[in-house]
Each structure stands twice: as structure tokens, then as C-alpha cells.
1. Name the long-range amide H neighbours of L57: under 5 Å, sequence gap of 5 or more, or other chain; modelled H, no Pro or chain starts.
2. Nearest 10 degrees, 0 to 90: what angle lies between the long axis of helix 92-107 and the longest principal axis of the chain (Cα atoms)?
3. What aspartates and glutamates sit close enough to K189 to cross-link, taking a C-alpha to C-alpha distance under 18 Å and skipping anything fewer than 8 places away on the same chain?
4. Straight-line reach from K193: which aspartates and glutamates have a Cα under 16 Å away, not including same-chain ones fewer than 8 places off?
5. Just check segment 139-179 against the gyration tensor rule for me: Cα atoms, a ≥ b ≥ c as the square roots of the eigenvalues, rounded for a/c under 1.5, and otherwise prolate or oblate depending on whether a/b exceeds b/c.
6. Once all Cα-Cα distances of segment 56-98 are split into 10 Å bins that start at 0, what whole-number percent is in each one?
7. How big is the Cα convex hull of the chain in projection, averaged over all directions, in nm²?
8. Helix-only estimate, please: 222 nm mean residue ellipticity of the chain, summing -39500 (n - 2.57) across DSSP H runs of length 4 or more and dividing by its residues, to the nearest 500.
Amino acid sequence: MCAWEWFPDHNGLVSGILFSAFGFSAFFWGFLTTYLINPDNVMPAVPEDGSGTQDKLFPEDVANNFPHCFTILAIIFATLALIGVMGVSRNPDYVRSEKIRKRSELMGQNNSLQNHVNFVTVNEALKSAPFWLMSLMFFNGLFFCVYNSSVYKNNATDDISDHLLTVAGAVGAICNGGSSFMWGTALDKFGFKLIYGITIVMEIVVAFTIYFVRDHASLYIIFVAFAFLC
């Protein structure tokens, strides 16, 4: 929201740049976490410990690397968050204009501004069709990408090495970061409905086909990339 205050005529582009940073960051985190947890590219296997389980698991030395990895990531994230908070500031001109607008509303001196204010209570929102439609659109727009980013390794871990799956995630991160900028720019030019429709169609196609290419490394990387592209 602070960034929008500085570029009020390019909200889509600004949002795209911000989300692209979020997407590109996964490129580095994927390689870093794999290096910290599974540097030797060990494949999961059925444990021969007499437990009787047939699930393929990573060996204990790989599992023991998780706490150390989370500690390193926590330190890095805390440092980056601190730097980010220190660099955020509001647009003083926007803040000044908002104060004038609110003062005018309170004094009743500017009816034209009051006509642009539309307050909706929580009960009114819950009873309105647009609220539920927007909630459904928001869920459909985010669920698959978030879900796929959590399970794309698990889906193919029996057929593709951990390091190659990390590469797939890195390629997907590049697509995710680039697409955020691309979709944001396109949003300003073509409008919300067209862009949203394109991304939803892409998500549906990838969601119903990615499972069938999980044993083909090259195809799987391409499909993961498209999943993050949405």
C-alpha cells in the first residue's frame, strides 16, 4: 500500500514488481535449503530398520539437518525483514491530501469527496454476492500455485533426484518472479477480467496434466514452471 501511494497511476506495475521480488527469492532459497539439508543429493528409500513401513524416507542424517537449516533461514529472514521495515516510508504528499480530505468530510465542506466514500459493514459484506465472488476468485487464483509450491517435490521424488527437483523449483521461481511483473504490466493495459481469465485457464490445464508427466524430468520442469507462471 505504501508503494501505491508513490505511484498511484501504476498500481498494477508496482504490485508486479513487488511480487516478482517474492517470486525470484524462491530461486535462491531452493538451492540454499537443498544445500543445507541434502547436499549429497541422497534419494529417499524404504528404510531397512525392521519397522515394516514401505514408505520411502530420507535417511536420518538428512532429517537431522532440518533444525540447522531453519535456524539459518530464521536469521536471514529476520535480517531482511528488519532492512525492509527500515526502508518503508509513506508518501508525504499523499498523507497530506488524505488529511485534507478527511478534514473536509468531517466539516461537511466537500460533498464531492463524500460521494466517493463507500463504507460497508462486516454484516453487509457477508450478505453481498460480490464479497463471496471475490473470495472465490481469490481462492482459485492462489490455491493451486501455493499448493503446488508445497508438493511439487513430493509428487516426483520417486522418479527425479532432489537436486533436479530443486532446479525445477528454481526455474519455477524465475517464472513466478517474471510473471508477476508481466501480469502487473498487462493488468494496467488490458484490465483485470482478461488477465484473470488467462491465468485461471492456465492453472486448470496444468493442474489436470502435471501428475501424468511427473516421471519425465524435462517435461516436469516445464509444467512446474507453468504452474508458478500462473
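1. A45, V46
2. Approximately 50 degrees, to the nearest 10.
3. Result set, ordered by chain and number: D9.
4. E203
5. Details: a/c = 4.16, a/b = 1.42, b/c = 2.94.
Oblate.
6. Per 10 Å bin, starting at 0, the Cα pair percentages come out as 22, 23, 21, 16, 10, 8, 0.
7. The Cα convex hull of the chain, projected and averaged over all directions, gives 17.7 nm².
8. For the chain, the value works out to -24500 deg cm²/dmol.
Every number here is computed from the coordinates shown, using simple stated rules; none is lab data. These numbers come from a predicted model, not from an experiment. Reconstructed Cβ throughout: ideal geometry from the backbone, glycine too, with neighbour counts over all protein chains shown.
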